[in-house]
Every structure is written in structure tokens, then in C-alpha cells.
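Engineer: One structure is given below, represented as C-alpha cells, and several questions about it will come after.
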Amino acid sequence: IIGSKSYKSLHHVDALLDRLYDDQQARGRVYQIVSATEPASMVSRRAPAMDRVDECAIRYARGIGLQTLTSGRTRKDWEEFDGDPSIDKRLFVVDNADAIAAFWDLQSTNTADVLDCAMGLNKRVEIYRPDGSKVPPEFLGEAVRNARRGFTGGSHGRTASGCHRFSVPGNTGS
């Protein structure tokens with residue numbers, strides 16, 4: 001589960017996790033929720049508008065009994081990380097997830113990077129708009145391309161699949 005910093009409708013994240021939990025109970029499937037960021041605590045001390053999608057998802061998933069996987073790094077740890085933490089955070093999620101659920105404002109290029117990479121690796125992707133509606137599968141690529149058009153900062157070493165050259169298994173890069 002990933003999301004834009006500006007995505008504030010966190011009840012949509014809870015609703016997806018509730019559906020996964022119900023499916024797990026009914027069908028015996030096992031879901032593991034992946035996040036690059038470990039919540040600093042199980043109880044948020046920030047206003048709800050300051051919480052991040054991934055941290056909320058991990059806290060809620062743990063609260064209802066879904067399995068979770070994080071890098072073990074808190075937001076503070078990532079802020080003190082040597083290098084570009086945004087790249088490592090994105091790769092952690094893509095490398096460890098079979099599918100990506102994005103709660104996205106349809107503008108954030110960091111979220112677009114993760115989605116582009118995941119789609120390039122043929123992972124299942126679902127995008128939820130701020131109103132909670134899903135972007136239809138046939139428009140996923142277009143949504144990511146549109147976010148990229150608004151970004152003028154260059155490719156940051158991305159290959160055609162959107163994955164960074166270094167670290168992604170199976171990506172030969174240059």
C-alpha cells in the first residue's frame with residue numbers, strides 16, 4: 001500500500017484492509033501488507049491530516065490481525081538516511097509486494113514512479129482516487145503518464161519500465 005502525501009481520505013485505506021481481512025477469513029488467503037516505513041508507534045500522535053497512508057495502513061493492518069512487512073525504518077530513520085531514501089523506499093515496496101494498491105492524488109511523481117515500476121514488472125496495480133473510486137485498469141498507464149507530463153525534473157535514471165537502473169532484480173539497466 002502506497003499513497004500520496006496529499007491523500008487525506010484514510011478511511012478508504014481502512015476499507016480496503018477490511019475487505020482483505022474479510023477475504024482472508026472467508027477464503028483462507030494470506031495477505032501481507034508492505035510498507036517501507038515502520039510507524040514510530042501503534043498510536044499516532046499527529047493530527048489525522050498529517051498521517052501518511054503507508055503508516056496508517058500498517059497500524060490498521062496490525063490492529064485487525066493482517067500480516068505486515070516493513071523495512072524496520074521509521075520516518076525519522078529515513079530522514080537521517082545517507083543517500084536518496086525515496087529511491088530505496090520505492091524499491092523496498094516494489095521488491096517485496098506482489099500487488100500495489102495506491103491511494104493517489106493522480107499527481108505525485110513519487111507515487112507514479114512506484115506504479116510505473118510495478119507495472120513494468122507486471123505486478124497487479126490498483127489506483128484509488130481521493131474520492132475512493134478506482135481508476136479503471138485500462139486507464140492505469142494513462143494516469144501514470146499524465147502525472148509524468150507534469151514533472152519536468154528529468155528521468156532520474158529511470159529505464160523504460162520506470163524502475164531505477166540499480167537494485168531491481170531482472171532489470172539489466174546500463
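What follows draws every value from the coordinates through simple rules; no lab data is involved. Since the model is a prediction, treat every value here as computed from it, not as a measurement. Cβ: placed from backbone, ideal geometry, glycine included. Neighbour counts: every protein chain shown.
Engineer: ALA40's amide H: which non-local residues (gap 5+, or another chain) put their own amide H closer than 5 Å, with H modeled 1.01 Å from N in plane and none for Pro or chain starts?
Structural biologist: Excluding prolines and chain starts, which carry no amide H, the hits are ARG75.
Engineer: Okay, next question. Would you grab the residues whose amide H sits under 5 Å from the one on ILE127? Only those 5+ places off in sequence or on another chain, please, with H modelled 1.01 Å from N.
Structural biologist: ALA102, VAL135
Engineer: Turning to a different aspect of this structure: Could you tally the net charge around ASP105, taking each other residue with its Cβ under 12 Å from the Cβ of ASP105, Lys/Arg +1 and Asp/Glu -1?
Structural biologist: Neighbour charge sum, excluding ASP105 itself: +2.
Engineer: Search the structure for amide H atoms under 5 Å from the amide H of ILE33, placed 1.01 Å from N in the peptide plane, and list their residues when 5 or more places away or on another chain.
Structural biologist: When sequence neighbours closer than 5 places are left aside, the close amide H contacts are GLN67, THR68, LEU69.
Engineer: Continuing with this model, one more query. Run through segment 50-126 and list the GluC sites (Glu not before Pro) located in a DSSP loop whose Cβ has at most 14 other Cβ atoms within 10 Å.
Structural biologist: Counting only loop positions with at most 14 other Cβ atoms within 10 Å, the GluC sites (Glu not before Pro) in segment 50-126 are GLU80.
Engineer: Excluding same-chain residues fewer than 8 positions from LYS123, which lysines have a Cα within less than 24 Å of its Cα?
Structural biologist: Reachable lysines: LYS5, LYS89, LYS134.
Engineer: Separate question: Output wanted: per-residue J couplings in Hz (rounded whole) for segment 14-26, from phi through Karplus 6.51 cos²θ - 1.76 cosθ + 1.60, θ = phi - 60°, x for Gly and Pro.
Structural biologist: Computed from phi, the couplings for segment 14-26 are 4, 5, 5, 5, 4, 5, 5, 4, 4, 5, 4, 5, 6 Hz.
Engineer: Excluding ILE64 itself, what net charge comes from residues whose Cβ is under 13 Å from its Cβ, given Lys and Arg +1 and Asp and Glu -1?
Structural biologist: Working: positive: ARG19, ARG59, ARG62; negative: ASP14, ASP18, ASP22, ASP23.
Local net charge: -1.
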